[in-house]
Amino acid sequence: HGYAELHFPKLLALLCGGFALAAYAAKLSQLHTLHFSGQDFWLFEDMLRQMGEGGFFLTRFAPQSQGWVQHGAVHAMITWVLALPLSLAVGSTHAALLWGPLMFALAALLLGLIARPRWGAVGALSLSLGFLCSSQVARILMYEVHPEAAYPLAVFLWAWGLGMGDGKLRLWAILLATLGAMRMKADAILVLPPWIAVMTTAFFGSQAFTP
């Protein structure tokens, strides 16, 4: 326990970084062994490619029609723009493959930071590991590409901004998480508000926060 407390940041970074690399390797294997059905992957990959060339949310691979489709009119997944810098750095194909692994790794990192003040280093690391090994994370990673993979990060960022764990209120984090989640997809209304209600009720019912 003493070792985990002393080296907690490094251990948490190693856990989350190792997961991201392993999950990316698995996604790369899926691609090269033709275990993608291809529909959503190439749709979102092409959106990144076209955004890099100035075509905002255009794709040639949407099922709604042949030729060019403005996918923003189908699903306004504005948060997918956040993958553009990654696409410009490593290419649209690798950015699409990396999206899920990176979003889950960052979510686990934030979850560990939230849990450490109350659960200690070992408990926080165990919780992050449990999240990354959960069947739901595995199921989403086995799919082609999910922009919605960023939902857990948004929810944990909201909780961290509310002060869960250390009791410090961070309004900028709450605002960022809310904007990110609500621009994820039209079904965000089914994801974020219930979590907001649960977190605020649990938090303010148990302790005061420190602005």
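For this structure, a couple of remarks:
- Candidates Leu109, Leu125, Leu88, ranked by Gaussian network fluctuation over the chain, Cα under 10 Å, top entry: Leu88
- Relative contact order of the chain, defined on C-alpha pairs under 8 angstrom at six or more residues apart (%): 21
- Taking Leu97, Leu153, Leu14 in turn, the Gaussian network model of the chain (Cα-Cα springs below 10 Å) assigns the largest fluctuation to Leu14.
- When the chain is treated as a GNM with alpha-carbon contacts under 10 Å, the residue of Arg183, Arg139, Arg118 showing the greatest mean-square fluctuation is Arg139.
- Prolate/oblate/rounded label for region 90-138 (Cα gyration tensor, a/c 1.5): prolate
- Helix-only mean residue ellipticity at 222 nm for the chain, each DSSP H run of n ≥ 4 adding -39500 (n - 2.57), per residue, nearest 500: -21500 deg cm²/dmol
- Carbon + sulfur, % of accessible area of region 53-202 - ligands and nucleic acids excluded, 1.4 Å: 71
- Per residue, the accessible area of region 108-151 comes to 47 Å², computed with a 1.4 Å probe over protein heavy atoms only.
- Proximal aspartates and glutamates relative to Lys10, as straight alpha-carbon distance under 14 Å, when same-chain residues fewer than 8 apart are discounted: none
The values are calculated or read from the model by the stated rules, or taken from the named source; none is laboratory data. This structure is a prediction, so every number in the text was calculated from the model and none was measured. These area figures cover heavy atoms from the full protein model, side chains too; ligands, DNA and RNA do not enter into them. Shrake-Rupley method; radii C 1.70, N 1.55, O 1.52, S 1.80 Å.
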